[in-house]
Amino acid sequence: MSDALSTQVLVVGGGPGGYVAAIRAGQLGLKTVLVDADQLGGTCLIRGCIPSKALIHAASKFDALQQHVGEGALGIRLPQAPEFDLGGAVHWKNGIVQKLNGGVAGLLKKARVQVVSGWARFEDGKSCIVEGDGGTTTHIQAEHTIIATGSLPVELPGLPFGGNVLSSTDALALRALPKRLVVVGAGYIGMELGMAFRKMGAEVTVVEATDRMLPSYDADLVKPVRNWCRQHGMDIRFETKAVGYADGQLTVQTAAGEEQLACDKVLVTVGRRPNTQGWGLDRLVIDMNGPFIKVDDSCQTSMRGVWAIGDVVGEPMLAHKASAQGEMVAEIIAGQRRKFDPAAIPAVCFTEPEIAGAGLSPDEAHAAGLDVVVGNFPLAANGRALTMEAGESGFVRVTARRDNHLIVGVHAVGAHVSELTGAFVQAIEMGAVLEDLAGIIQVHPTMSESFHEAALAALGHAIHA
Amino acid sequence: MGIYTFKLPDIGEGIAEAEIAEWKIAVGDVVAEDQGIVDMLTDKAAVEIESPVGGTVKELCGEAGSMIAVGGPLVRIEVEGDGNTAVEDDGEPVETASSTAPADPETPVQIPTPAPQPAPAPAAAASQATPPATPTRQVSSGGLPRKAGEKPLASPAVRRRAQSLGIRLEYVPGSGPAGRITRQDLDAFVQGHQGAASPGAGRAAKPGVEEIRIIGLRRRIATAMQQAKQRIPHFAYVEEVDVTELEALRQHLNAQRRDDQAKLTMLPFLARALVIAVPEHPQVNARFDDEADVLHRYDALHIGIATQTPGGLVVPVMQHAEAKSLWDMAADIRRLAEAARSGKASREELTGSTLTITSLGAMGGIASTPVINAPEVGIIGVNKMVQRPMYLGGQLTPRLMMNLSSSFDHRIVDGWDAAALIQRIKGLLEHPATLFMEGEA
Ligand SMILES: Cc1cc2nc3c(=O)[nH]c(=O)nc-3n(C[C@H](O)[C@H](O)[C@H](O)COP(=O)(O)OP(=O)(O)OC[C@H]3O[C@@H](n4cnc5c(N)ncnc54)[C@H](O)[C@@H]3O)c2cc1C
């Protein structure tokens with residue numbers, strides 16, 4: 001069977017970049033077709049953000065329950081130790097994914113976006129052929145194409161995915177808990193998943209080739225995470241390279257030589273690469289920016305009418321950045337004048353404890369030639385944090401220019417701090433100064449109070465610290 | 001019988017897509033092999049595309065104004081034999097066509113309609129919604145004046161509004177804390193730039209707005225001009241030239257010209273001056289690839305001749321001016337101008353210039369600021385000849401004066417060098433004999 005469609009907007013890739021672009025284009029009255037080879041929602045929904053956070057939550061809940069066994073805690077005692085069933089957790093996670101996946105389909109339908117299921121191959125910048133299941137092909141002709149093909153996990157040469165060597169996608173679909181897991185790569189995906197598996201009860205070792213964990217955050221922010229690992233018997237080995245896996249042994253190299261680590265699963269999380277292969281990029285006359293597709297500040301590629309968004313155009317490879325770009329491109333195609341010029345793109349690391357931030361850290365501000373003042377407020381001095389057992393070692397940190405007190409960055413580490421990022425990024429986008437934050441009344445008792453107090457600290461007069 | 005799908009062939013280096021200017025065939029027509037079927041507009045030229053096969057036209061894959069990607073289908077032709085459109089290649093074309101469009105032979109193809117382009121709200125309408133604010137240029141105590149290159153500070157809503165109005169916030173003073181640009185600051189800036197509308201003098205206002213799609217040559221010109229002006233820091237230099245003697249020579253030569261010779265205008269003389277002066281200033285005879293940071297300098301002088309045509313500005317090229325006599329140049333200029341005006345200039349005739357000259361002819365004004373024909377780095381324009389009183393040897397004398405208005409890419413050409421080149425040209429034009437003293441001047 002062969003079909004043909006012509007449309008104003010063709011979106012290839014149904015991740016948070018592509019499906020948002022398609023919905024917005026549909027809302028604006030543009031005839032829109034969205035193609036995806038997999039389930040709607042992309043990496044983020046199907047094998048990234050949402051599933052990983054679901055399993056992290058299940059793992060954390062199990063870990064918390066264990067505190068109540070025996071002596072108990074907070075006056076709650078469990079007569080018997082809880083049990084963890086990874087299959088059950090994955091089943092529950094799949095339910096969430098399915099629900100959200102159906103939600104995306106509904107939203108697309110409401111916006112009158114036509115969804116074509118199958119792998120798209122470009123013939124040129126304005127047309128592609130989609131091969132669907134069961135041998136159907138659809139030719140799509142478009143005035144505008146939006147490339148939102150996302151990214152894929154990077155493999156290590158000596159450790160190809162398959163068998164007991166897992167990608168993040170495989171790890172999120174495991175049915176049985178590995179007894180001994182080695183995570184290769186201490187970036188955010190590796191640390192998030194590694195810590196979750198530790199909470200579920202696996203023995204977890206992390207090997208990292210450099211001397212740093214979570215390289216996008218500074219040492220102060222990472223320290224509480226390292227402490228947790230130490231306290232929970234998670235072995236982190238720096239300057240250690242994984243080179244091969246055979247017969248339940250992972251071979252690693254250090255300055256001292258080679259060593260074997262016994263483990264039943266190896267999870268490789270050494271980064272993600274843009275998905276630029278197998279769909280005909282070579283047929284488009286498009287400039288590249290290293291491995292990424294090169295775009296200007298309106299996400300236009302070097303070919304007129306061909307746009308690219310999300311992970312495939314570069315860092316930060318984050319879902320919310322992809323969505324923001326998708327929404328913008330749809331509006332530009334509809335004739336609005338827009339530019340991608342966020343003052344900050346916030347990011348969260350769902351480790352234990354969480355790290356969250358937006359804008360420049362003090363070090364980055366110095367590197368950019370700014371003279372800054374920094375205000376720190378410890379969560380140990382925040383009432384709400386204590387009542388939620390979130391008062392350990394965390395803090396909120398505000399970085400502002402010394403001359404005019406403009407907030408240039410806000411960071412935090414601690415339990416639940418991911419939910420504070422809304423306030424952080426809002427302050428930066430609105431161009432708030434320390435005095436603005438100082439002048440805002442926050443609810444008591446909430447963790448938001450520590451944001452207020454951190455601003456006061458930067459002004460030199462914190463009340464509660 | 002089979003279907004042959006003819007795809008837009010590669011029509012020039014680096015061209016990814018081209019616009020359909022005009023179909024010369026319709027569905028149902030019988031075409032012969034090598035028959036011209038469509039004019040395609042590239043960035044530079046209209047190119048006639050010929051059919052590689054003979055047969056009956058089944059489908060046109062776009063209408064005038066549509067962009068077709070190189071390699072994308074252009075036309076489907078029913079041919080004797082198998083054609084090239086097998087199932088594994090393009091799907092079944094006949095079925096394809098009928099599945100997208102009604103069987104009506106008048107409208108056999110579904111033609112994509114352009115994205116609706118809501119007219120951007122005129123600045124006036126947008127700012128009426130808010131009460132007129134008095135401009136507050138004063139920076140409050142918290143703020144400091146922005147340093148050069150510092151990013152302007154404004155909330156997302158203010159940034160959006162500025163983008164939609166096409167205003168760069170770099171130019172808008174901010175009165176908020178830390179120099180933040182408030183909504184009022186932007187409103188005040190918009191109003192300040194609108195000028196006070198004069199109250200009606202008893203005549204009817206005309207509220208109509210005509211929407212004109214900018215396509216074809218005008219779209220090329222628009223894009224090229226915008227890119228040239230946005231990317232190239234233009235530096236303008238205007239100088240006057242006493243062309244009394246040159247004009248006398250021109251008239252003399254024209255009076256003697258043979259029938260097979262084209263009439264001499266000022267342009268061949270200017271071209272001649274360039275042939276002599278440019279090798280002394282080689283940096284102006286170049287094309288600048290600013291993405292690769294490479295300047296291509298040429299020994300040859302290929303002069304672009306900016307020419308007004310009914311469709312808009314076109315720049316045909318006089319190749320190898322350095323090897324041409326004055327009369328050859330005059331003939332070339334006439335031939336190129338005619339080709340450009342009738343839309344017959346070939347792609348070769350419209351590409352590859354290394355330096356452009358422009359003339360507004362008899363309308364030429366006192367001075368102009370020509371826009372560089374990117375990726376070149378200079379353009380020289382002649383203004384209108386006028387008789388003016390000049391002091392010469394202490395005497396007030398009528399002289400024939402003509403201004404040269406030039407622009408240069410200031411990234412490549414320094415002001416001093418530009419001035420030196422123009423002064424050299426002035427010297428040559430004011431002493432016309434030196435134009436012909438090859439090797440001696
Ligand atoms: C384990 C993990 C955890 C993560 N956690 C977070 C997090 O907490 N927060 C966050 O912001 N980000 C997170 N990310 C990153 C986030 O998932 C990505 O940044 C985001 O999904 C990128 O969106 P996208 O639309 O660019 O591409 P993707 O989500 O990768 O979507 C691309 C889609 O295109 C489809 N596709 C590609 N090529 C074709 C083709 N030729 N034809 C048809 N379909 C095609 C693919 O099937 C896929 O569905 C995480 C990623 C992983 C792996």
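In region A:143-180, comparing the full protein assembly with the chain on its own, the residues that lose 30 Å² or more of accessible surface at a 1.4 Å probe are A:Glu143.
Residues within the reach of a label modelled at B:Lys151 (point 7 angstrom out along Cα to beta-carbon, backbone nitrogen below 15 Å), restricted to region A:414-431, are A:425-431.
Residues whose amide H lies under 5 Å from that of A:Leu250, counting only those 5 or more places away or on a different chain, are A:Leu261, A:Ala262, A:Cys263; hydrogens are built 1.01 Å from N in the peptide plane. For region B:275-409, the carbon plus sulfur part of the accessible surface works out to 55%, probe radius 1.4 Å. Shape descriptor for region B:217-436: Rg over Rh equals 0.96 (Cα atoms; Rh from the Kirkwood inverse mean 1/r). With 40 Å² as the minimum drop in accessible area between chain alone and full protein complex (1.4 Å probe), the qualifying residues in region A:110-139 are A:Glu123, A:Asp124, A:Lys126, A:His139. In this Cβ point-charge picture (+1 for Lys and Arg, -1 for Asp and Glu), the protein assembly as shown has a dipole of about 2900 debye about its Cα centre.
With the simple model of a label 7 Å out from the Cα in the direction of the Cβ, B:Met437 to A:Thr210 spans 6.9 nm.
Evaluating 6.51 cos²θ - 1.76 cosθ + 1.60 at θ = phi - 60° for every residue in region A:410-421, the Karplus couplings come out as 9, 9, 8, 9, x, 4, 6, 5, 4, 6, 8, 4 Hz, glycine and proline recorded as x.
For chain A, with all protein chains in place and a probe radius of 1.4 Å, 52% of the accessible heavy-atom surface sits on carbon or sulfur.
Please work out the average accessible area per residue across region A:165-270, using the 1.4 Å probe convention, and give it in Å².
Accessible surface, normalised per residue, equals 43 Å².
Applying the Karplus relation 6.51 cos²θ - 1.76 cosθ + 1.60 with θ = phi - 60° to region A:300-308 yields 3J(HN,Hα) values of 7, 7, 6, 9, 4, x, 10, 10, 9 Hz, where x marks Gly and Pro.
With one equal scatterer per alpha carbon and no solvent term, the Debye-computed log10 I(q)/I(0) for the protein assembly as shown at 0.04, 0.08 1/Å reads -0.27, -0.97. With the simple model of a label 7 Å out from the Cα in the direction of the Cβ, B:Gln308 to B:Arg231 spans 2.8 nm.
Taking the helices alone, chain A has a mean residue ellipticity at 222 nm of -8500 deg cm²/dmol, built from -39,500 (n - 2.57) per DSSP H run of at least 4 residues and averaged over all its residues. Would you list, by chain and number, the aspartates and glutamates whose Cα falls below 13 Å from the Cα of A:Lys241, excluding same-chain residues fewer than 8 positions away? Here the aspartates and glutamates satisfying the reach criterion relative to A:Lys241 are A:Glu208, A:Asp211, A:Glu258, A:Glu259.
Shown is the FRET efficiency for A:Arg283 and B:Gln387, computed with R0 = 56 Å from the Cβ-Cβ distance and rounded to the nearest 0.05: 0.35. The DSSP beta bridges internal to the protein assembly as shown are antiparallel in roughly 70% of cases.
The stretch between A:Ala380 and A:Asn94 holds 99.3 nm of extra length on full extension. This uses 0.36 nm per residue minus the Cα-Cα distance. For the pair A:Glu83 and B:Met363, label points projected 7 Å from Cα toward Cβ lie 9.1 nm apart.
With contacts taken as Cα pairs under 8 Å and at least 6 residues apart, chain A reaches a relative contact order of 15 percent.
Peptide A:330-337 shows a mean partner chain C-beta count of 4 within 10 Å per residue C-beta.
With a cut-off of 20 Å, note down the residues of region B:379-393 whose backbone N falls inside the zone around a label point 7 Å from the Cα of B:Ala248 toward its beta carbon. Output list for this probe position: B:385-393. For B:Thr356, the residues whose amide H sits under 5 Å from its own are B:Gly304, B:Gly378, B:Ile380, ignoring neighbours fewer than 5 places away on the same chain, with H placed 1.01 Å from N. Could you tell me how far the Cα centroid of region A:189-203 sits from the Cα centroid of region A:82-152, in Å? After rounding, the separation between the Cα centres reads 29 Å. Between B and A, buried accessible area from a 1.4 angstrom probe totals roughly 3300 Å², ignoring ligands, DNA and RNA. Cα centroids of region B:327-366 and region A:158-185: how far apart, whole angstrom? When both Cα centres are located, 69 Å separates them.
Show me, for region A:231-246, the HN-Hα J-couplings you get by feeding each phi into the Karplus relation (A = 6.51, B = -1.76, C = 1.60, θ = phi - 60°), rounded to Hz, glycine and proline as x. The phi angles translate into 5, 9, x, 9, 8, 10, 10, 8, 6, 10, 10, 7, 10, x, 9, 8 Hz.
Amide H to amide H, with H built 1.01 Å from N, A:Leu166 comes under 5 Å of A:Val266, A:Leu267, A:Val268, counting only residues 5 or more places away or on other chains. Largest accessible area first, the residues A:Ser323, B:Ser342, A:Ser167 order themselves as B:Ser342, A:Ser323, A:Ser167 under a 1.4 Å probe with ligands, DNA and RNA left out.
Peptides A:381-390, B:62-71 ranked from most to least packed give B:62-71, A:381-390, packing being the mean of other C-beta atoms within 10 angstrom over each peptide's residues. Rounded to the nearest 0.05, what FRET efficiency is calculated for A:Asp403 and A:Lys109 with R0 set to 56 Å and r the Cβ-Cβ distance? Calculated transfer efficiency: 0.60. Ordering of A:276-283, A:456-463, A:366-373, B:371-378 by packing is B:371-378, A:456-463, A:276-283, A:366-373, highest average first (other Cβ atoms within 10 Å, averaged per residue). Charged side chains reduced to their Cβ positions (Lys and Arg at +1, Asp and Glu at -1) give region A:1-61 a dipole of some 300 debye around its Cα centre. Looking at region A:165-270, the DSSP beta bridges with both ends there are about 45 percent antiparallel.
Which pairs, out of A:Lys61/A:Lys110; A:Lys109/A:Lys294; B:Lys263/B:Lys384; A:Lys126/B:Lys58; A:Lys99/A:Lys294, put more than 29 Å between their alpha-carbon atoms? The answer is A:Lys61/A:Lys110; A:Lys109/A:Lys294; A:Lys99/A:Lys294.
The simple Förster model, with R0 at 41 Å and r as the Cβ-Cβ distance, assigns A:His464 and A:Ala176 a FRET efficiency of 0.30.
The values are calculated or read from the model by the stated rules, or taken from the named source; none is laboratory data. Computed from a prediction, not measured in an experiment: that's the story for all the values here. Every residue, glycine among them, receives a Cβ derived from its backbone with ideal geometry; neighbour counts consider all protein chains shown. Note: accessible area is taken over every heavy atom of the protein model, side chains too, but ligands, DNA and RNA are not part of it. Shrake-Rupley method; radii C 1.70, N 1.55, O 1.52, S 1.80 Å.
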